[in-house]
1. Looking only at segment 372-431, how many residues end up being open to solvent by 30 Å² or more (accessible area, probe 1.4 Å), out of contact with any Phe, Trp or Tyr (no Cβ under 7 Å at 6 or more places or on another chain) and assigned to a loop (DSSP other than H, G, I, E, B)?
2. Please verify whether segment 478-499 includes one or more residues that are polar (S, T, N, Q), open to solvent by 50 Å² or more (accessible area, probe 1.4 Å), in contact with a Phe, Trp or Tyr (Cβ under 9 Å, 6 or more places away or on another chain) and within 23 Å of Leu135 (Cα to Cα).
3. Can you give me the number of residues within segment 297-317 that are at pLDDT 75 or above and open to solvent by less than 100 Å² (accessible area, probe 1.4 Å)?
4. How many residues are surrounded by fewer than 17 Cβ atoms within 10 Å (Cβ to Cβ) and under 24 Å from Lys490 (Cα atoms) if we restrict to segment 347-369?
5. Check Met449, Met469 and return the single one that is open to solvent by 50 Å² or more (accessible area, probe 1.4 Å), over 24 Å from the mean Cα position of the chain (by Cα), within 23 Å of Lys279 (Cβ to Cβ) and hydrophobic (A, V, I, L, M, F, W, C).
6. Anything in segment 167-210 that is open to solvent by 20 Å² or more (accessible area, probe 1.4 Å) and closer than 16 Å to Ile125 by Cα? List them, or say none.
7. Before we move on, is Tyr326 in contact (Cβ under 8 Å) with a residue 40 or more places away in the chain, among the hydroxyl-bearing types (Ser, Thr, Tyr), surrounded by fewer than 21 Cβ atoms within 10 Å (Cβ to Cβ) and under 28 Å from Lys487 (Cα atoms)?
Amino acid sequence: MLKYLAVVSSLLILVEAIQRWHTSQIMLTKLYDVQNDHFNILDNYVDLETKRLEELKNYVAAVYEWRDNIKTKKHFLHDHMDVFKVMTQMLQHYFQIDDLIKNKKSLEAFKDIDEHKDLSGEHIILLAHRALRRLQLFYAIPASDMSAGRFNEKVIGDRMDACECCVMAKYCLEGNDPYGVLDWAVEAYGKWESEGRPECVDPDILNYYIVSSSVYTGFNFMNLIILSGPNYQEYTEKCVRYYHLMKNELFELEKERTTDIVKYSIGHGIANDFRNLCKHGVSRTLTKYSKCRYQTNNLFYRILMPFKEEDINSEPLIKIYHDVLYDDEILKIKTLALEKMKDAKVKSVDGKNYLLEEKTRSGQVYWIFEVDAVEYFDALNTRIESFTGFSTKTAERYQIVNYGLGGHYIPHHDSFAKGAENVKFGNRLVTVLFYLTDVQNDGYTSFPMLNIIAPAEKGAALVWNNLHMSNGQKFYETLHGSCPLLKGNKWIMTRWLYEEGQHLPYNWKNK
């Protein structure tokens, strides 16, 4: 992907709008459409160039033949009319050859390339790099493992070559990330040596990366490497040997910084719990209080098709309902959202604005309009009311989310803070989260305060109470997040059920 993004950026016209191509699988898929457009234009260009060169070859051959014919006339320079004709003909030859060389028709072909695709040059690789680096930091993956496309004995991608590792080091440097620079530059150097020293990697630049970043990590290689002179390669190789000796210590120092991604919002301890759950996962263990059952909720038409209900937690109540969303419905939902997704935003600290904040949330969303909801989701609303026991008449609109490269959402509460509730409908009482795709061993929904993860299982609904049903107070234990996505295509759809319209033992308006 990085290779193609690099090629694309070299062909593009800069535009003001910044398109974030990495934030959803939908956008990443569209890159193939862009690539096809490019190939079609390049094919057209090659055809025009082939035709031009053939015309030029034939025209030059005709000019040579004309010249040879003129030279056979011994006295043609004595005839002034002939001289004038020769000079005029030579000028015409010059303009025709000049026109064929300048190739205006071929150059016109490139005017079609990506004027309307909102690709904005090198920044698209920078954004993709940040997402990849964020994944690396969160899961504490050494560059050696990530470049090999593996993590925890899982394959997470294709092997990266020396050129791509060098690109990672470059953008780490631009992002003032010395640990990342050192990790990726050393990895790039090792691959550069083993891959036959490809020209895409400049060893002098790698030396600069290693020296300049090492100063800030506490391991100063300034005296170990000499950037000039005949022996700089020997010094670099010595640096690489030293690096492997101190690599573990460097990585531990770097891991101390990784929880900065989430600890500002939720605290250091919970941030570590969230990361450990996402990284290692836990298997759900059923106790005497948690069971699996077929549930009809006393609905006679559910006797033949009962809900498959699984208890996850009792207080706060968390359940999974399996196979409650069908393939044709999922296809309809995705089709409805496909061309309308926008980058996900989060509310600002003062609550007045919504901001693009990829460190907090990265993905694309679409809110389904009520008109579409009535047409497509009446049956689903009835289903939600059946297995939750709550009304959907005052529920929030359905929100569809698709995650891309490193897509995630740090732990947060779905319920509103005190004083920020919906004036008309109160607070978000219950969350119903549907999984529209399977994501094997990845993309969990994690509850760090409860030590619980829920896998992304296509067709299932994860349901939990955000508030105490007795008094409407917030369940702080429902803090949850979407684990950063290493691999796969994760789609979810969420519906929040409000207090208004429910049979509750308290009056939410006087809460």
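1. Within segment 372-431, residues that are open to solvent by 30 Å² or more (accessible area, probe 1.4 Å), out of contact with any Phe, Trp or Tyr (no Cβ under 7 Å at 6 or more places or on another chain) and assigned to a loop (DSSP other than H, G, I, E, B) number 13.
2. Scanning segment 478-499, I find at least one residue that is polar (S, T, N, Q), open to solvent by 50 Å² or more (accessible area, probe 1.4 Å), in contact with a Phe, Trp or Tyr (Cβ under 9 Å, 6 or more places away or on another chain) and within 23 Å of Leu135 (Cα to Cα), so the answer is yes.
3. Within segment 297-317, residues that are at pLDDT 75 or above and open to solvent by less than 100 Å² (accessible area, probe 1.4 Å) number 11.
4. Matching residues across segment 347-369 total 8.
5. Details: Met469 fails: within 23 Å of Lys279 (Cβ to Cβ).
Just one listed residue meets the conditions, Met449.
6. Of everything in segment 167-210, those that are open to solvent by 20 Å² or more (accessible area, probe 1.4 Å) and closer than 16 Å to Ile125 by Cα turn out to be Val167, Lys170, Leu173, Glu174, Gly175.
7. Answer is yes for this residue.
The values are calculated or read from the model by the stated rules, or taken from the named source; none is laboratory data. Just so you know, these numbers come straight off a predicted model, no measurement behind them. Every residue, glycine among them, receives a Cβ derived from its backbone with ideal geometry; neighbour counts consider all protein chains shown. All accessible areas refer to the heavy atoms of the entire protein, side chains included, with ligands and DNA or RNA removed. Shrake-Rupley method; radii C 1.70, N 1.55, O 1.52, S 1.80 Å.
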